[in-house]
Structures are given as structure tokens and as C-alpha cells.
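Values quoted throughout were computed directly from the atomic coordinates according to the rules given, and no laboratory measurement underlies them. Treat the numbers as computed from the prediction; the structure is a model and nothing was measured. Reconstructed Cβ throughout: ideal geometry from the backbone, glycine too, with neighbour counts over all protein chains shown.
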Amino acid sequence: MDTAWTQDLLAWVAQNPGWTAVLVFAVACIESLVLIGILIPGIVLLFGVGAMIGMGAVDMWPIWLWGSVGAFVGDSLSYAVGRRYRENLVEVWPFSRYPVLLDRGKSFFRRHGNKSILAGRFIGPLRPVIPATAGMLGMTPGRFLGIDIPACIMWSPAYLLPGMLFGASLEVATEYAGRLSLVLLIIAAALWLAFWLVWAIYDFLLRHSANWLARAIKWSHRHPVVGKVSRQLLDPEQPEAFSVAALGLLLLIGLWTLALLVFFSPFSSQPEAIDRAVLMQSAALRNHMADPFMVSIMQLSRWWVLLPAPAAVLLFLAGAGHGRAAIHWLVAIVGGVLIQLGIGWTLRATPQLQGAGLDQFYVPSSALTLCTVVLGFFTVMLAREIKEAHQKWPYLAAALLLTLLALARLYLGLDWLSGALVGLLLGVAWTGIVGIAYRLRAEGSFSGAAVAAIFFVTLGISLAWQIKQNLADDLQALTPELPYSTQQQADWWHSGWAGLPRERTHFSSVSARRFNAQLAVPLEELQSALAAVGWKQAPPADWQWLMKALNPEPRINDLPLLGKDYLGHAEVLIMRLRSQDDARQFTFRVWDSGMRLKPGLSPLYLAQLSEESVEKRLAFFSYWRAEPVDAAWLGEQLESLEAFDLRPVGEGLYLLREKAPTENEAGS
């Protein structure tokens with residue numbers, strides 16, 4: 001289904017917010033119409049509108065009201081169609097083209113009764129089917145309306161809320177670290193794509209595996225040699241037939257893709273060009289707010305995070321008498337370790353960002369291989385022990401974790417893109433081999449809930465311990481270097497200042513993005529001079545910032561200032577000056593430019609003075625938003641720093657340096 005048009009529609013809504021309620025009503029109504037709603041990507045539009053609400057572009061209450069009304073109108077029309085035609089609906093075009101969907105709706109309704117009206121409103125594929133099914137099966141109008149009206153009222157904010165939270169977080173990310181907003185978008189898109197792919201592939205295999213299996217058996221019986229090997233693997237009477245066939249297909253695809261990457265890459269320039277492009281883009285996205293999260297996720301690829309959980313599961317399986325499961329689990333993990341060691345000893349071709357530091361970070365993408373084996377084979381084991389209807393969820397969880405880990409390692413420059421793919425494919429291939437053997441030989445069952453609890457609790461504890469032990473050192477080792485350059489201080493003072501950046505970020509939604517001072521002064525002296533005229537150093541924001549931001553009536557002392565980003569680095573100094581209004585303050589933020597002035601190679605700093613006020617979103621979330629300061633006020637504040645030489649240059653830009661000694665001082 002082509003959803004590119006939704007982007008144009010959302011862009012139009014952003015320019016015409018008054019029509020948003022009409023759009024939401026129409027989308028909610030059409031999406032709820034029987035069968036027609038399947039063709040409308042309502043969730044995409046509602047997510048986008050929710051993001052606009054989160055960013056303050058449109059008001060929430062009219063959207064909630066008209067979204068609920070539209071959903072109710074669509075459900076009522078669908079119910080009326082079903083009640084009018086009853087069982088004959090499946091013979092009426094276009095409903096006759098989708099008998100499977102109507103049968104699925106009837107099965108769901110018979111199984112869950114009245115609750116299906118409420119549940120169906122929140123399940124995308126069933127939303128346009130359940131109201132018509134209720135009418136087909138004779139549900140009374142009063143009972144239908146009594147359940148459907150509350151369901152529609154709850155549905156609208158439930159589908160808007162993820163977009164609202166994302167929009168609010170995106171606005172904050174853009175304000176404080178413009179690159180962070182792009183990182184959030186990439187993570188959201190990658191996780192959504194991974195979720196959708198695994199879901200679609202699983203459903204596709206589930207629908208077609210029986211037919212494929214029958215064809216494979218028929219073909220294999222014509223080949224005596226192949227038939228002997230496939231007779232056990234392709235036995236349709238075996239309860240694990242679908243799982244074995246799916247794992248076999250996954251193994252085939254993994255090995256084929258791996259062969260393409262490994263054997264054809266040396267003869268093409270594209271993999272290297274794409275690798276370098278991804279590396280450059282990753283370096284351009286680096287920022288001090290995303291780095292701690294990405295480094296924390298990266299810990300998943302460390303041995304001391306990956307191995308304790310498999311060891312705990314192995315002890316449980318062995319102690320509970322599940323010998324075959326324990327042996328296959330041990331073979332899978334040991335094989336994954338050997339593959340990682342083998343690649344790590346033979347291939348040394350990972351990217352090394354300048355200043356990234358320690359050699360042990362640069363094991364190849366085989367780090368992803370062991371993680372894929374651990375999560376993949378655990379998923380294969382766990383899926384066997386849970387109900388068939390829930391078996392896709394472990395695969396989805398493993399895919400999302402691996403996607404997040406791969407993104408973190410690419411973001412930090414620890415893997416080439418092709419190397420990450422090779423690592424993942426090797427893990428998938430080995431998981432497929434051992435998984436097929438396990439599914440064919442496994443006997444008995446064990447408690448999936450107990451094993452899942454042991455695995456994830458141990459993994460969580462190991463991850464938390466490694467983050468506590470390594471986060472600070474890893475952040476220091478993996479922090480990108482600022483662009484280094486040198487210049488004579490006299491040259492900078494006269495004209496060299498013009499070659500430095502004028503903006504902290506290029507995002508147009510950030511009002512205060514221009515630097516208004518360049519400083520060739522020691523930080524300690526600057527801090528003392530500012531303190532002498534009433535400025536105070538802002539306390540650093542900690543993990544409690546989010547809790548303090550969830551305050552509908554914050555004051556200046558309650559809501560900390562977050563650090564802002566310049567080229568992936570936070571400020572080296574933040575000072576603030578209180579105003580008479582508790583919801584406003586002035587800030588003086590200073591960043592290292594990367595330039596060093598000669599003689600002495602003293603650092604040159606870039607500074608931004610701005611006025612910050614409390615911005616409220618979603619009635620309960622608040623943050624500081626900066627605006628440019630008045631030019632006259634800016635000049636007065638900088639002139640009050642009498643310890644330094646001040647020179648106005650350009651438009652709204654000042655230079656500060658240490659005062660040159662007078663003749664008497666020089667003579668003494």
C-alpha cells in the first residue's frame with residue numbers, strides 16, 4: 001500500500017491547522033467503514049496529527065472530539081450494513097472479494113462476544129470488520145451502541161497519544177540537541193520497519209507454509225537421495241513441521257544473502273562506498289544526549305552481558321532434567337562464541353573514529369553474531385513452549401533488540417554497515433542450523449514463563465552492572481573529537497572571527513540558534529566576572545529531570561536546565577540570571593569551538609546569551625525554550641564584564657579577550 005500521499009497531507013495540515021479536525025473526522029470515519037478502512041493508513045495520519053498536538057501546532061480537545069465522532073459514525077454505518085444484509089453480505093460486492101476477513105471477524109466475535117466490539121476498535125485489521133459482523137450476527141442496536149460509544153471515546157486519544165508524546169519529545173530534542181531529533185526519527189523508523197517485517201514474514205509463512213511443505217514433499221519423493229534426507233525434515237505429520245520449514249527457509253535466505261555479501265563485495269565498489277557514507281552520517285548524528293543511551297545499548301554486545309543469561313538457562317534446563325534442550329542450548333552458545341572468536345582473530349576491518357580510543361572496542365561485527373545466536377536460539381526454544389497464537393512475540397522482541405543494538409554500534413562507529421549485516425546473518429544461519437536440529441529432537445516441555453524470567457532477569461542485571469562499570473569510560477573513549485585548528489590570537493581578533501560558525505544548529509524550529517559571542521578568556525575568569533554581576537552557575541540536570549518536567553506549574557528552581565548540543569558536545573559552562581518572573585530567566589551558554597589560539601594554544605569558546613521561558617506541552621509537560629535576546633540588553637550585559645576587552649563585530653556578535661596589560665603594568 002502506497003502511503004507517500006500521507007506525508008503531503010500532513011504537510012498540508014501543518015499549514016492549515018484549522019482543517020485538522022475535519023481531516024481527523026474523515027479519516028476516523030472512513031477507516032471504520034467495513035472493509036474500506038483496510039485501505040486507509042489511519043494510524044499513520046493519527047500519529048502525525050498527534051505529533052503536531054505534541055509540538056503545540058494544533059489543540060487536542062477538538063481532535064479528540066471529532067476523532068471519536070468520526071469513529072462512531074463509521075462504526076454505525078458498518079453496523080447498519082451488516083444488520084441490513086446479514087449473512088448475504090458475503091455475496092455483495094465488494095465484500096464478496098474478502099470472505100476470509102469477514103469469516104475472521106465472525107470467528108473473533110463468536111469467541112469474545114460483546115468484548116469483541118471494544119477489542120476490535122483497537123486491533124487494526126478487525127476495526128473495519130467487527131461492527132459489520134455484530135450487525136450480521138444480530139446484536140441489538142442498544143447493546144452495540146452501549147459498548148461502541150465508550151470504545152470510540154477511548155480509541156481516539158489512545159491512537160493520538162503515541163504521536164503526541166513523540167511530537168513533544170521531538171520538540172525538546174530539537175531545542176536542545178538538533179541531531180537527537182534525527183536520531184529519534186531513525187530509531188523509530190528502524191524499529192517500526194523491523195516490527196513490520198517480522199510480523200509480515202511470520203504471517204506470510206504461516207499462511208503459505210502448508211502449501212510449500214506439500215510441494216517440497218512431492219518434489220523430494222522424486223529424488224531418492226534427497227528423499228532420504230528430507231523424509232524426516234519434511235514430515236507433515238510432525239508437530240514441528242511449520243517451525244522446521246520456517247527455520248529452514250530462514251537459513252536458506254541467510255546463507256544466500258551472506259554469500260552475496262562475502263563473495264561479491266570484493267568485486268564491487270558499492271559496499272565500501274555505502275559503508276563510508278553510513279559512517280559519515282553516523283558521525284554527523286553524534287550528540288551528547290544520545291551518546292549515553294547508545295553506549296548503554298552497546299553493552300549488550302559485551303561477553304559479560306551476553307553469557308550469564310545463557311549460563312543461568314543452561315543450569316535450569318540441566319537441573320530440571322531437560323538434557324536435550326540443555327545440549328542444544330550449549331551447542332548454540334559455544335558455536336556462537338567460536339564464530340565470534342574466529343572472525344575476531346581473522347578480520348580486522350572495522351571503522352575507527354578519530355579519538356575513539358581503546359582497541360578492545362574494535363572487535364569486528366562478530367559481536368552481533370553472538371548476540372544474534374543468544375537471542376535467536378532462546379527465541380526458538382521459548383516459542384516452542386508457548387501457545388501458537390503468541391509464538392510471534394518472542395521473535396518480534398528479539399528482532400527489536402537486535403535492531404537497536406545494530407543501530408547503536410553503527411551510530412558509535414564500531415561496525416561497518418556491511419560488517420553488521422554479515423554478523424547478523426552469521427548468527428541467523430547458525431541459529432537456523434541448531435534450531436532445526438533442536439526442533440526435530442526436542443522431547444518434553446518446560447515452563448516457558450520460568451525460563452523467560454530467568455533469562456531476562458539475568459540479562460537485565462548483567463546489563464545494568466556493565467553499564468554502571470563501563471559507561472563513563474566508554475563515553476570518554478567513544479566521544480568524537482571536535483574539529484581542531486589553530487590561529488594567531490591577533491588574527492582572530494581582527495578578522496579570523498568571521499571564519500567560525502555563527503549558528504549552533506541549523507534547525508529552523510529553534511529560535512535562539514545563533515552564537516552572539518566568541519571568547520578568548522579562561523573559563524574560571526569568565527565565571528568569576530559573570531558571578532560578580534549577578535549570574536549564577538546552573539546546576540547540572542540529572543536523571544530526575546523528566547520527573548521534574550512532568551509538572552504543570554514549574555518554577556525556575558524546580559525545572560533544571562538541560563545541556564544543549566554543538567557538534568555532539570555539551571556546554572563547558574552554563575550560567576543563568578533570574579528575572580522578576582519565575583517562569584523566565586536568561587542563560588549564558590559556552591561551548592569549546594575546537595580552535596586553539598597562539599601563542600599558548602589557549603581554547604577559543606563560542607557563547608550564546610538567550611532568554612528562556614517555560615514552555616508547556618500536553619498540560620503536564622514543561623521545558624525551557626530559548627528566544628534571542630534584545631540587542632541592546634546583550635551589549636549592556638557584555639559591557640558589564642569590565643575584566644575583558646570587548647569588541648562588537650558583525651550583526652549581534654561580540655568578541656571578548658583578556659585585557660592587554662597597560663604600559664605601566666608592562667613596565668612593572
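Quick one: putting +1 on the C-beta of Lys and Arg, -1 on the C-beta of Asp and Glu, what dipole do you get for the range 461-536 around its Cα centre, in Debye to the nearest 20? Intermediate results must be reported in sequence, preceding the final value.
Working: 6 positive and 7 negative charges, 81 e Å.
I would put it at about 380 debye.
Using the Cβ of L478 as centre and a radius below 12 Å, the other residues enclosed give a net charge of -2, where K and R count +1 and D and E count -1.
If you count, for each residue, the other Cβ atoms within 10 Å and average over each peptide, how do 144-151, 561-568, 491-498 line up from highest to lowest?
In descending order of packing, they fall as 561-568, 144-151, 491-498.
Among residues other than C29 with Cβ under 14 Å from its Cβ, the summed charge is -1 (Lys and Arg +1, Asp and Glu -1).
Ordering of 447-455, 20-28, 397-405, 643-651 by packing is 20-28, 397-405, 447-455, 643-651, highest average first (other Cβ atoms within 10 Å, averaged per residue).
What net charge is computed for the residues neighbouring M294, neighbours being all others with C-beta under 11 Å from the C-beta of M294, Lys and Arg scored +1, Asp and Glu -1?
Working: positive: R286, R409; negative: D291, D474.
Every neighbour counted, the sum reads 0.
Over 22 Å between C-alpha atoms is what I'm after, so list which of K564/K616; K536/K564; K564/K659 land there. Going by Cα-Cα distance, K564/K659 fall outside the 22 Å limit.
Per-residue packing, averaged as other Cβ atoms within 10 Å, sorts the ranges 106-116, 75-85 into the order 75-85, 106-116, beginning with the highest.
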